[in-house]
Amino acid sequence: MSNYEHTFITRYDLQESQTKKVIEKYQEIIKNNSGKVLKIEEWGLRPLSHNIQNNKKGFYFHFKFEGVGKTIEELEKAENIDQMLIRYLTVKVKKLDLKTNYFEKKEV
């Protein structure tokens, strides 16, 4: 199995219950296609560098998981037709860093 990092951006106007369903949906796709989700990070609402499909902001989610080629194929096939997503990106990595959370909220 290979290691992957997968980030996707949902529309900013989704309700919290809808975003939870999106996360669960893609967790299930990974699990049902020989994959194993190791960590999910919610990076929150962030501005986009330019408008994408008339959106100026989006909710960012980051998955770290193990999988095979079929896992990525099925994941991206489902994301291509999902109207709730703005963008997604999958990157194959040699080693996953499960300790660092780059966008965690820091107390003042």
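The values are calculated or read from the model by the stated rules, or taken from the named source; none is laboratory data. Nothing here was measured: the structure is a model prediction, and the numbers come from that model. Here Cβ is always computed from backbone atoms with ideal geometry, including for glycine, and neighbour counts include all displayed protein chains. These area figures cover heavy atoms from the full protein model, side chains too; ligands, DNA and RNA do not enter into them. Shrake-Rupley method; radii C 1.70, N 1.55, O 1.52, S 1.80 Å.
Tabulated data
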quantity: Any chance G44 is out of contact with any His (no Cβ under 7 Å at 6 or more places or on another chain), at negative phi and not charged (D, E, K, R); calculated: no
quantity: Qualifying residues in region 30-72 (those that are outside any strand (DSSP E or B) and polar (S, T, N, Q)) - the one least open to solvent (accessible area, probe 1.4 Å); calculated: T71
quantity: Some residue of region 39-57 being of a type in the set (S, T, Y) and within 22 Å of T71 (Cβ to Cβ); calculated: no
quantity: Flag if K21 is touching an Asp or Glu at 6+ places or on another chain (Cβ under 9 Å), open to solvent by 30 Å² or more (accessible area, probe 1.4 Å) and not in a strand (DSSP E or B); calculated: no
quantity: Number of the exception - L14 against (1) over 27 Å from K94 (Cα atoms); (2) open to solvent by 70 Å² or more (accessible area, probe 1.4 Å); calculated: (2)
quantity: Those residues of region 83-108 which are open to solvent by less than 50 Å² (accessible area, probe 1.4 Å) and modelled with pLDDT of 90 or more, in sequence order; calculated: L85, I86, T90, V93
quantity: Cross-chain or 6+ apart pairs with Cβ under 8 Å, region 80-108 first and farther than 28 Å from N51 by Cα, then at pLDDT 90 or above and open to solvent by 60 Å² or more (accessible area, probe 1.4 Å); calculated: L96/L38; L98/L38
